[in-house]
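The values are calculated or read from the model by the stated rules, or taken from the named source; none is laboratory data. This one's a predicted model, so the numbers in the text were calculated from it and none came from an experiment. Here the Cβ positions follow ideal geometry from the backbone for every residue, glycine too, while neighbour counts run over all protein chains shown.
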Amino acid sequence: MDFNDTPEEALFRAEAAEWLKANALTAEETRGLTPLAVAKLWQKRKYDGGWACIGWDKQYGGRGASAIERVIWDQEEGKYNLPARFFVIGQGMIAPTIMAWSSPELCQQFLPKLASGEEVWCQLFSEPAGGSDLAALRTKAEPHGDEWVINGQKIWTSQAHYADYGLLITRTDPSVPKHAGLTAFMIDMKAPGVEVKPIKQLTGESDFNEVYFTNVRVSDAWRLGEVGQGWQVSLTTLMNERLAIGGGGPGADVDLAIKIAQQIQINGRPAIEDSAVRARIADYYVLEAGLKYNSYRAMSALSRGELPGPENSIGKLVGAPKLQSIASFCMDLLENYGAVWDDDHDLYDGLAQRSYMGAPGLRIAGGTDEIMTNIIAERVLGLPQDPRADKGIPFSDVPTGGQ
Amino acid sequence: MDFNDTPEEALFRAEAAEWLKANALTAEETRGLTPLAVAKLWQKRKYDGGWACIGWDKQYGGRGASAIERVIWDQEEGKYNLPARFFVIGQGMIAPTIMAWSSPELCQQFLPKLASGEEVWCQLFSEPAGGSDLAALRTKAEPHGDEWVINGQKIWTSQAHYADYGLLITRTDPSVPKHAGLTAFMIDMKAPGVEVKPIKQLTGESDFNEVYFTNVRVSDAWRLGEVGQGWQVSLTTLMNERLAIGGGGPGADVDLAIKIAQQIQINGRPAIEDSAVRARIADYYVLEAGLKYNSYRAMSALSRGELPGPENSIGKLVGAPKLQSIASFCMDLLENYGAVWDDDHDLYDGLAQRSYMGAPGLRIAGGTDEIMTNIIAERVLGLPQDPRADKGIPFSDVPTGGQ
Amino acid sequence: MATEALLAFANDEQKTRWLPKLASGELIATFALTEAPGAASAEATKLAFKDELLTGTKAPVPDAGCAQLLITTAKDAAGQLLLCGCELDQSAVNITPVRTLDFTRKHNMVTFNNACAETLSNAVDWSHIEALLDRAAVLFAWEQIGVADKALETACDYAKQRYAFGRAIGSYQAIKHKLAGMYVKNTLARSNAYFGAWALASNSEQLPLAAATARVAAIQASLLATQENIQTHGGMGYTWEFDCQFYYRRAKLLSLAIGSERHWQDRLVSGLEQQHAIDLKRKRS
Amino acid sequence: MATEALLAFANDEQKTRWLPKLASGELIATFALTEAPGAASAEATKLAFKDELLTGTKAPVPDAGCAQLLITTAKDAAGQLLLCGCELDQSAVNITPVRTLDFTRKHNMVTFNNACAETLSNAVDWSHIEALLDRAAVLFAWEQIGVADKALETACDYAKQRYAFGRAIGSYQAIKHKLAGMYVKNTLARSNAYFGAWALASNSEQLPLAAATARVAAIQASLLATQENIQTHGGMGYTWEFDCQFYYRRAKLLSLAIGSERHWQDRLVSGLEQQHAIDLKRKRS
């Protein structure tokens, strides 16, 4: 591992920086547009310039860039405040799944429009009774000629209200053990019988949806993998999820804490001179820096052709509780004013308060802290599984506590 | 709950203090004696003066004192540096078990000599393959006329090398589930076939022993409870253990930390003025004070006639890790010198270093942190048990990993 | 806190004028301390009192929107700290809402433009304010413990009833040990708060230490319990419909309202130092 | 550290005299910093250097019993900080053993009674010592991580093989999540240590920050791993026969040897402040 660019990497970085400088969206261009419209505009510009999804094959709209080049691009693009989150699920998680499990024809049909930002995808995995136990899903798919009929409900679906397509996991056989009875499909979110209802989060915002399926028909040609292979298909998505999430956008961090601590006084001196404040900031920095250099190491491994492994769970497992804790700490520095979260009054853009309210969601979405810890214990350290009350028995016989 | 004495309590306190002042051992009396001899001398003096085991019935050598009076006595006796630990197991844990499960004749035979310190007892429960899983013990007792023949091995037995008697739990029936096949006995530690081997701890000291039984014979009259009731008998001991341990003698604490922090400098000022040091000390004090007032509340409950409940597990669960942490912190205050642990050089009597090495043992003995936490979760909060691989099946069929 | 301040610092005429109405509920009073981000202190108090008139700003002030009387720290022209009473129903007082993390408890910014007011006492110094805060800390601790207990109870109920992988999530040690940890913190906080209540009720010299101990314990317990309650509920706990959010918001608000954890940790050790000095003096005499 | 000090501060003649022998193993050198409890500092350095003679005491000094050369901080009559080299084989040097927590690494008290010595450089200030400690911190971090990894590995092995209640203790989340927590801390510490190693090797201006980050992470990871390794082993881990104790003792020794966690947390934030100042200057220019 080297923390400096090689000459080739430096060249690539310069090329990327130059294109970004010339093409980044201006305030004028984005004035009055919705965030989604801005994101689509920027994605299309990157696509036209050959800078969209740079790790993908050229035939699907990419440029076959290496893992290190992707990191460099992300770093350079990250210097601009450009919208990205709308395409993380589609490009980062679902596209690799389509590439792995679908035909070249369907790849050709879907991937270029995913790269260009024309079409948005969502991921239809979680269900009310499932939660951490993802495979306990109940949404039924029943064969009907060369179509399937879908009935059931999904939950926690980001972007469902404006997605064009979705990756759906269904139960096609409840008489076999849980993981064996699942099948994956691509579905048209505009199809009759698909109904999307936003979920109001504790922040008051709605980033997630419930999605109801009532006799929705999907062609067998849009099946991913074999019947009964749905769990394996979903694992491809989840494995890529660990890489795609992690960063998580701007939030309270060591920079914010230092900024506040330099401006607030404790006993007549800047808070940054207070030894207890310093000890806390140091501990947070150890986590932040550790995660940063950890991701560099993961990228080195990727560039050697290794697959993203379970050790990548660390990013979210450490990052989300850290966000919660440092947000709380930043509010503490402001003392009584730390509770203020008001566009007319708040300081530091309400970043601490927003992070404090957002962090509990991060600790849950995409695998709770507890699930992530279990993954590390079992898959990295090789410790034995928990005793499983649902192992090897038909899904329909698994205890549910009456839920 | 009141944090001041009532008039009656104050009277009792004055009486106790007066007797202690007149009778406490002098340096002259104890010169040249072993710690055990000192303890026996002091215990006998208390017994003769009517101040031994004051909560017991008069017929067994006590004075029928109330729970609050016991607390007051302990507080007053605690002001002198008088030896106690040799009798904690016998008087605090085993005596209540004998009272609950044995005949008046045997009580009369054993309890007065326990109160007077003439006879020392040990507790023979733990086994090598057992550990946290106490009931998984394998030491066999087989009937032979009106005697039983004992074969097997115990471990972690404090005081076995000088104990006169022991409370022993054995397996009398391996064909029934684990907890159902146990039977309890009192045994003579000087009987033929009892062999005691000290265990060297990581501190280099030996507070514990292995005890081997080879065809040791014990009369059926010395059985406690019915055959198969051994688990219930042991629970009486364990319930009283929660009350008896907890304090744990002198160790690193907030007083020590403050003392060091007042004498050591950080950046040219006393360390106690350093804000990070203050934050740490405050956190430790919250635990210390919380435990202290918690035990007052538990004593209030006892004085209302309530039984010591599982909530008393908190003392050890919080106290032992706190001891480890504050010991480490005290050493940190001394910086490089904190590692020094040498009668010719060390400061503060090596209290921090000794506590740092002793605390890991406290976190394990008498129920590990993990077992204590489980007890609170299940017995206080009513959360469901872990799935049990050993439940309802014959002891001889329980998986052991080949141990 | 307003009532405590009146009891301690108002003159007899003021007490006669305000306390009976406060007791009957006819009058609502609130207390204002901070003006800017950072800890309240004598130095940070800028609100000016001159010729019986107040000029300046206080924020965030709880419930100023429905109160008629505000007790506030201020300074006279000589820089001397004061406690003032100000009736809010006058045009020289401007009250605007300030949204906080906890929208179930209203806060305001109060701006005084030569507002009529009166002093409660001519000689306050910051230690008097700290004594008021000590008393408040014990009461806050009990409210915080109430929130913490409710969060623990809710989490336990959910953990018993919610199933994953074929068994109740409360049977997984990751969850049950989390809940046991919350119980331990809540229990220690309660024991410390009992001692705080005793010290408050008996006007003990140990009140500063007892109050700080109760406050630090309550902050730590309530923040842990309310955040891990959401975590135990998983996705459902993060929705608007579940009550988890209210406990989470309220716990953080209370942890900030009268001084942060760090502030009270510092006060706690001051209390210990003071206690040690007293013990030493007693031993010597 | 002795070698690092010679490389940085010895004159050419001294380098020629000592470094080749150090490299060949013919000469063993050690470094002495502290004299009394508390953090080492210019103020706390009392060892007096006058007329080429040293008078005073250093303790605890690692391996002074087998070393022939000691590099030490001292002060001249004017109070100027110095680095001195002192050959130990002289009667004016008295070396007595000092037992520490970790009996597998020998420590000594070294007393100088007008012992012959020489200065390495005439102009050292405390920042030079800190720069030496930065370099040492990176190397210490790697040793600490080695201990932490070994403790984790041992604990995992035991947890897979030891049974309780009919199953391996490593299948209980109380144990497996404990071990996962150790893995996370070790992994972050390693990543930080890689950056420290890079900053050391490339003489980066970021070395002070990188070294402090590596050091704090390594202290925290190694203390956690070694104590929870004992805990995972239960009673057996607390016996003399098991290796758990060595890791536990060594981790604590290393965490104290060149400055405590609090000391390096403070240095870390100084590094951040310095980095921010550099970034600001770059932005401006």
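Checking region C:239-252 against the condition returns no match, with no residue being of a type in the set (D, E), in a helix (DSSP H, G or I) and touching a residue at least 12 places away in the same chain (Cβ under 8 Å).
Checking each residue in region C:149-195 for being part of a helix (DSSP H, G or I), small (G, A, S) and either without any contact (Cβ under 8 Å) to a residue 12 or more places away in the chain or within 8 Å of another protein chain (Cβ to nearest Cβ) (or both) picks out C:A159, C:G170, C:S171, C:A174, C:A180, C:G181, C:A189, C:S191. Screening region C:83-122 for residues that are small (G, A, S) and within 18 Å of C:A48 (Cβ to Cβ) and picking the one that is farthest from the other protein chains (Cβ to nearest Cβ) gives C:S121. Selection over region A:174-211 of residues that are out of contact with any strand residue (DSSP E or B) (no Cβ under 9 Å at 6 or more places or on another chain) and assigned to a helix (DSSP H, G or I) gives a count of 2. Between C:T57, C:T30, the distinction of being more than 13 Å from chain A (Cβ to nearest Cβ), assigned to a strand (DSSP E or B) and within 24 Å of A:D344 (Cα to Cα) belongs to C:T30 only. Checking D:A136, D:A164, D:A131 one by one, the residue that is over 22 Å from D:A39 (Cα atoms) and either over 21 Å from the mean Cα position of the chain (by Cα) or hydrophobic (A, V, I, L, M, F, W, C) (or both) is D:A164 and no other. Remark: A:K140 matches the filter, which requires a residue to be farther than 25 Å from A:P83 by Cα, among the charged types (D, E, K, R) and surrounded by fewer than 19 Cβ atoms within 10 Å (Cβ to Cβ). Here B:S206 clears all of (1) crowded, with 17+ Cβ neighbours inside 10 Å; (2) within 11 Å of another protein chain (Cβ to nearest Cβ); (3) small (G, A, S) except the condition numbered (1).
The one condition from (1) closer than 18 Å to A:L362 by Cβ; (2) away from chain D (no Cβ under 11 Å); (3) in contact with a Gly (Cβ under 7 Å, 6 or more places away or on another chain) that A:G315 does not meet is (2). Can you tell me how many residues within region B:22-45 are of a type outside the set (F, W, Y) and in contact (Cβ under 8 Å) with a residue 12 or more places away in the chain? Qualifying residue count, region B:22-45: 13.
The residue of region B:209-243 that is nearest to the other protein chains (Cβ to nearest Cβ), among those that are of a type in the set (K, R) and more than 30 Å from B:Y296 (Cβ to Cβ), is B:R223. Take the residues of region A:114-127 that are under 30 Å from C:Y172 (Cα atoms) and in contact (Cβ under 8 Å) with a residue 60 or more places away in the chain: which is surrounded by the fewest Cβ atoms within 10 Å (Cβ to Cβ)? Among those that are under 30 Å from C:Y172 (Cα atoms) and in contact (Cβ under 8 Å) with a residue 60 or more places away in the chain, it is A:F125. Identify the residue in region A:358-403 that is at the interface with another protein chain (Cβ under 7 Å from one of its Cβ atoms), in a helix (DSSP H, G or I) and among the hydrophobic types (A, V, I, L, M, F, W, C) and, among all such residues, is surrounded by the most Cβ atoms within 10 Å (Cβ to Cβ). So the residue we want is A:A377.
Restricting region D:155-197 to residues that are touching a Gly at 6+ places or on another chain (Cβ under 8 Å) and small (G, A, S) leaves a set whose member that is surrounded by the most Cβ atoms within 10 Å (Cβ to Cβ) is D:A189. Just name the residue that is surrounded by the fewest Cβ atoms within 10 Å (Cβ to Cβ) out of those in region C:54-82 that are within 20 Å of C:I258 (Cβ to Cβ) and among the polar types (S, T, N, Q). Result: C:T57.
Here is a yes/no grid of residues against (1) buried (at least 19 other Cβ atoms within 10 Å of the Cβ); (2) of a type in the set (S, T, N, Q); (3) in contact with a Pro (Cβ under 6 Å, 6 or more places away or on another chain); (4) not in a helix (DSSP H, G or I):
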| residue | (1), (2), (3), (4) |
| --- | --- |
| B:F213 | yes, no, no, yes |
| B:V218 | yes, no, no, yes |
| B:S234 | yes, yes, no, no |
| B:P250 | no, no, no, yes |
| B:I260 | yes, no, no, no |
| B:R278 | yes, no, no, no |
| B:I281 | yes, no, no, no |
| B:L291 | yes, no, no, no |
| B:R297 | no, no, no, no |
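For C:F140, the test of being within 20 Å of C:E261 (Cβ to Cβ), part of a helix (DSSP H, G or I) and more than 11 Å from chain B (Cβ to nearest Cβ) is passed.
Evaluate the following for C:A217: is it facing another protein chain (nearest Cβ under 7 Å) and without any contact (Cβ under 8 Å) to a residue 60 or more places away in the chain? When the stated conditions are applied, C:A217 does not pass them.
Of all the residues in region B:133-162, those that are assigned to a loop (DSSP other than H, G, I, E, B), among the hydrophobic types (A, V, I, L, M, F, W, C) and out of contact with any helix residue (DSSP H, G or I) (no Cβ under 8 Å at 6 or more places or on another chain) number 2.
Number of residues in region A:329-349 that are more than 7 Å from chain C (Cβ to nearest Cβ) and touching a helix residue (DSSP H, G or I) at 6+ places or on another chain (Cβ under 9 Å): the value is 6. Candidates A:A37, A:A27, A:A52: the one that is at pLDDT 90 or above and surrounded by fewer than 15 Cβ atoms within 10 Å (Cβ to Cβ) is A:A37. Answer yes or no as to whether C:T96 is under 30 Å from C:V216 (Cα atoms) and either surrounded by fewer than 20 Cβ atoms within 10 Å (Cβ to Cβ) or polar (S, T, N, Q) (or both). Against the criterion (under 30 Å from C:V216 (Cα atoms) and either surrounded by fewer than 20 Cβ atoms within 10 Å (Cβ to Cβ) or polar (S, T, N, Q) (or both)), C:T96 does not qualify.
A quick yes/no check of all residues on (1) facing chain D (nearest Cβ under 10 Å); (2) free of Cβ contacts under 8 Å to residues at least 12 places away in the same chain; (3) of a type in the set (S, T, N, Q); (4) in contact with a Cys (Cβ under 8 Å, 6 or more places away or on another chain):
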residue: A:K259; (1), (2), (3), (4): yes, no, no, no
residue: A:Q262; (1), (2), (3), (4): yes, yes, yes, no
residue: A:A271; (1), (2), (3), (4): no, no, no, no
residue: A:D283; (1), (2), (3), (4): yes, yes, no, no
residue: A:E288; (1), (2), (3), (4): yes, no, no, no
residue: A:K292; (1), (2), (3), (4): yes, yes, no, no
residue: A:S295; (1), (2), (3), (4): yes, no, yes, no
residue: A:A301; (1), (2), (3), (4): no, yes, no, no
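Being free of Cβ contacts under 8 Å to residues at least 60 places away in the same chain, of a type in the set (K, R) and within 30 Å of B:F329 (Cα to Cα) narrows it down to one of D:K46, D:K50, D:K15, so name that one. Going through D:K46, D:K50, D:K15 in turn, just one is free of Cβ contacts under 8 Å to residues at least 60 places away in the same chain, of a type in the set (K, R) and within 30 Å of B:F329 (Cα to Cα): D:K46. Is it the case that some residue within region C:196-209 is in a helix (DSSP H, G or I), closer than 18 Å to C:K185 by Cβ, out of contact with any strand residue (DSSP E or B) (no Cβ under 7 Å at 6 or more places or on another chain) and away from chain A (no Cβ under 14 Å)? Yes: region C:196-209 contains one or more residues that are in a helix (DSSP H, G or I), closer than 18 Å to C:K185 by Cβ, out of contact with any strand residue (DSSP E or B) (no Cβ under 7 Å at 6 or more places or on another chain) and away from chain A (no Cβ under 14 Å). Against the criterion of being within 14 Å of chain D (Cβ to nearest Cβ), in a helix (DSSP H, G or I) and at pLDDT below 95, B:A100 does not qualify.
Which of (1) more than 9 Å from chain B (Cβ to nearest Cβ); (2) surrounded by fewer than 22 Cβ atoms within 10 Å (Cβ to Cβ) does D:T239 not meet, given it meets every other one? All conditions are met except number (1).
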